[in-house]
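In what follows, a single structure is set out as structure tokens and then discussed.
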Amino acid sequence: NINKSININYKSNPLTVFDLNKQYCEDLIRIYKQKYNLNAFTLRFANVFGPGNSVDKDRGVINKMINSAVKFNKITLFGNGKIIRDFLYIDDATEAIYLSLKYKFKLSVNDFYYISTNKGVSFKDFAEKLKLIIKKKYNKFLKIKYISWPKTINLIDKRSFVGNNKQFVKITSWKPERNLVRNINRYLNSL
């Protein structure tokens, strides 16, 4: 539950099966990397949003919120909206994947890299920015509704997280767009 850029040396402690599977995959890659002298690493993506469809219907909450704002002039936030996340635009994510292939030998010195903006924004602030954009772009009033967290919610969904891309940037010179308003507009222009 981190509100600032995560420490690169932070020791993960999976709390859900989803987190445990991700940790297992990273551990397996690290073991094979050592055992077979492979050039391998994993990429840990922040909350990616933008054009495209999610494979899992429960993923892609940022896209869902923006689409709801455009179609229905309303969005719903759980709790007080103060959960902080690192929002990464899809174009920046794909550029990071390209650079990871381009610099794969240099990047393999580490086991993983955060692909993020290193900038945390609360869902409440995200919603307020979206409200201003919807008013300016569509001349519509966006209603933001706050509701209680469902009792069945996973802990992972209630946590704050901000990535730390410094190691990846140092090797690749990657520069993601950090301006959330610009990124929301990029997405809206693609609709």
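Points worth noting:
- DSSP beta bridges in the stretch 41-191 [antiparallel fraction, %, rounded to 5]: 20 percent
- Where Rh is the Kirkwood radius over Cα pairs, Rg/Rh for the stretch 58-97: 1.04
- In order along the stretch 61-74, the phi-based Karplus estimate (6.51 cos²θ - 1.76 cosθ + 1.60, θ = phi - 60°) of 3J(HN,Hα) comes to 4, 5, 4, 4, 5, 5, 4, 5, 4, 6, 7, 10, 6, 8 Hz; Gly and Pro are listed as x.
- Along each principal axis, Cα extent of the stretch 1-107, largest first, Å: 54, 30, 26
- Extent along the principal axes, Cα only, for the stretch 100-141: 50, 20, 9 Å, with the longest axis given first.
- Measuring between alpha carbons in the structure, the pairs from 137/166; 4/136; 64/119; 71/135; 11/129 lying more than 24 angstrom apart are 137/166; 4/136; 11/129.
- Whole-Hz Karplus values for the stretch 36-43 come out as 10, 6, 8, 8, 9, 6, 10, 10 Hz, taken residue by residue from phi with 6.51 cos²θ - 1.76 cosθ + 1.60 and θ = phi - 60°; glycine and proline positions read x.
- Taking the longest Cα principal axis of the chain as reference, the axis of helix 90-102 is set at about 10 degrees.
- Just so you know, the Cα atoms of the stretch 111-173 work out to an Rg and Dmax of 16.7, 47 Å.
- Folded to 0 to 90 degrees: helix 180-190 orientation relative to the chain principal axis, Cα: 80 degrees
- Karplus-derived 3J(HN,Hα), 6.51/-1.76/1.60, for each residue of the stretch 123-139, Hz, glycine and proline x: 4, 4, 5, 4, 5, 5, 5, 4, 4, 5, 5, 4, 4, 5, 7, 10, 6
- Carbon and sulfur %, accessible surface of the stretch 1-66 computed with the full protein complex present, 1.4 Å: 53 percent
- Probe 1.4 Å, protein heavy atoms only - accessible area per residue of the stretch 20-131 in square angstrom: 57 Å²
- Taking only the Cα atoms of the chain, the ratio Rg/Rh comes out at 0.99, with Rh defined as the Kirkwood radius.
The values are calculated or read from the model by the stated rules, or taken from the named source; none is laboratory data. The structure displayed is predicted, hence computed values, not measured ones. Accessible surface is based on the protein model in full, side chains and every heavy atom, while ligands, DNA and RNA are left aside. Shrake-Rupley method; radii C 1.70, N 1.55, O 1.52, S 1.80 Å.
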